[in-house]
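As structure tokens, the structure follows; a few thoughts come after it.
The values are calculated or read from the model by the stated rules, or taken from the named source; none is laboratory data. The structure displayed is predicted, hence computed values, not measured ones. Please note: Cβ atoms are built from the backbone with ideal geometry, for glycine as well, and neighbour counts cover all protein chains shown. What goes into the accessible areas is simple: the full protein's heavy atoms, side chains included, and nothing from ligands, DNA or RNA. Shrake-Rupley method; radii C 1.70, N 1.55, O 1.52, S 1.80 Å.
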Amino acid sequence: MDNPDQYRPLTPEELGGRLSTVPAIAERIGSDPSQWQVREVGDGNLNLVFIVEGPKGAVIVKQALPYVRLVGDSWPLPLYRAFYENNALVRQAQRDPGAVPEVHHFDEAQALIVMEFLSPHRILRRKLIDGERVDGLGSFLGRFCARTAFRGSELSMKSADKKKDVGLFSGNVEIPAITEALVFTDPYYDAEMNHHTEGLDPVVDGLRGDAKLKARVQHLLMKFASNTETMVHGDLHSGSIMSTDRESKVIDPEFVQYGPMGFDLGMLVANFLMAYFSQPAHRSAAELAGYQDWILSVIDEVFATFEAEFRHLWATERTGMLYPAALFEDQGQSSEAACLALLAEIRAEAYGFCGIEMHRRTLSLAHNADFEDIRDTDLKRRLEARNLAMGAELVHTSEALGSPERLLDLARRFNAKDIP
Ligand code: SR1
Ligand code: MG
């Protein structure tokens, strides 16, 4: 007889039989699985995702597969990533209440998380492709990044707790290895799984021929791999955010790890910039400028809120061993300059990570729909070339760039460029 505890991927047909005895599900949707409707809706790169609807409500069931779904079973991937995702969701819910879906149930053996069904939320990337606006988006995301960065670090946490947590998450080896390869390395050489749009070769050759650029990228990889400042989401792109027209949630933290404070911010902003650069293919001439301006205003709001919230937490929750009041306020000295210097460093790193994410999404394995949905190959190439060129500029100038306004100016400048 099959061991019921042994992992087995779910099918929509057998999901009811396997999960109807889970109280957290029965309570929320009803206990008779014959009345449930189950749809597998996973369109991500890794997992199975089911919407399970019953007479009383609906839940999401997310189950890890033992391989990379995008590639198939030739690329095995440990099921234990669900354990880390569950732990990340718990911590994010504590650090920024309401920002992530509620977890109803976790089954470690089945690598399965049952969580809140978000409705009428849609994946933000699709909303951006469709030209929809989301009220409060930039401030929500800036606050999420600041709260998780600050409250997951030794600015706030007790050192013993933080170090224990670093130990816990450092067991998650294969998932960061994906980022280390696909994001930081593959775009810059002829890696096996790479692909790019026809006609982009001159731009790609330019990046790969730029040793200074590759050295800067590797330096940022070193920080990503070795710097355990805070618990990062690890994959904060517009496909990891679900929104209505006025509310957003952050989902899918399975790429969680302890890493640099600017990492999530940089990945996030890169995905807004790619939405921005791809818009000429998705909007009418009448809508284009207004919608692109709105995307830039979201980026601006992300940075402004990140910095304001970080400063607020610095003033009110600096309870860890870093920058203690004993060295500043208790001696009658302000620590504001120290906070501003740290923020400038976080922002500079974020710009660097941002440029790299802009590269990998058009050159290595996992491209994004913002560009992939463009049918006109020549238009796609021209828009991707702007994105790649701005990415390179960011990697080169991240430390000197300064205010987010200068980042937005750069975006406007590259958006008007024709790159052969
Ligand atoms: C093989 S996984 C490819 C990508 O999908 C995830 O969402 C991450 O972004 C990863 O890099
Ligand atoms: Mg994901």
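Taking the condition over 30 Å from LEU48 (Cα atoms) and assigned to a loop (DSSP other than H, G, I, E, B), does GLN292 pass? Quick ask: steps written out before the conclusion?
Details: over 30 Å from LEU48 (Cα atoms): yes; assigned to a loop (DSSP other than H, G, I, E, B): no.
No, not satisfied.
Step by step: first the residues of the stretch 18-47, then only those that are open to solvent by less than 70 Å² (accessible area, probe 1.4 Å) and among the β-branched types (Val, Ile, Thr), then the one that is nearest to ligand 1 (Cβ to nearest atom). Which residue is that? First the steps, then the outcome.
Filtering the stretch 18-47 down to residues open to solvent by less than 70 Å² (accessible area, probe 1.4 Å) leaves 18-20, 22, 24-26, 29-30, 32-33, 36, 38, 40-42, 44-47.
After this cut, where a residue has to be among the β-branched types (Val, Ile, Thr) as well, the list is 22, 25, 29, 38, 41.
Working: VAL22: 27, ILE25: 26, ILE29: 28, VAL38: 24, VAL41: 16 Å.
Out of the qualifying residues, it is VAL41.
One residue is enough: does the stretch 158-167 have a residue meeting the conditions buried (at least 22 other Cβ atoms within 10 Å of the Cβ) and hydrophobic (A, V, I, L, M, F, W, C)? Full working, then the answer.
Step one: of the stretch 158-167, the residues buried (at least 22 other Cβ atoms within 10 Å of the Cβ) are 162.
Retained after the next criterion (residues that are hydrophobic (A, V, I, L, M, F, W, C)): none.
No: the stretch 158-167 contains no residue that is buried (at least 22 other Cβ atoms within 10 Å of the Cβ) and hydrophobic (A, V, I, L, M, F, W, C).
For the stretch 55-79, what are the residues that are away from ligand 2 (no atom under 16 Å from the Cβ) and not β-branched (Val, Ile, Thr)? Reasoning before the result, please.
First, the residues of the stretch 55-79 that are away from ligand 2 (no atom under 16 Å from the Cβ): 55-59, 66, 72-74, 76.
Once the filter is applied, which keeps residues that are away from ligand 2 (no atom under 16 Å from the Cβ) and not β-branched (Val, Ile, Thr), the stretch 55-79 yields PRO55, LYS56, GLY57, ALA58, PRO66, GLY72, ASP73, SER74, PRO76.
So which of SER226, SER248, SER238 ends up being small (Gly, Ala, Ser) and open to solvent by 40 Å² or more (accessible area, probe 1.4 Å)? Spell out how you get there, then give the answer.
Details: SER248 fails: open to solvent by 40 Å² or more (accessible area, probe 1.4 Å); SER238 fails: open to solvent by 40 Å² or more (accessible area, probe 1.4 Å).
Sole residue among the options that is small (Gly, Ala, Ser) and open to solvent by 40 Å² or more (accessible area, probe 1.4 Å): SER226.
Cβ-Cβ under 9 Å, sequence separation 6+ or interchain: first residue in the stretch 226-237 and farther than 10 Å from VAL250 by Cα, partner assigned to a loop (DSSP other than H, G, I, E, B) and within 13 Å of ligand 1 (Cβ to nearest atom). Which pairs?
MET231/VAL256; VAL232/VAL256; GLY234/VAL256; ASP235/ASP252; ASP235/VAL256
Residue by residue through the stretch 38-54, note down the ones that are of a type in the set (Gly, Ala, Ser) and away from ligand 2 (no atom under 13 Å from the Cβ). Step through it out loud before you land on a result.
So the first thing to find is which residues in the stretch 38-54 are of a type in the set (Gly, Ala, Ser), and the list is 42, 44, 54.
Matches in the stretch 38-54: GLY54 only.
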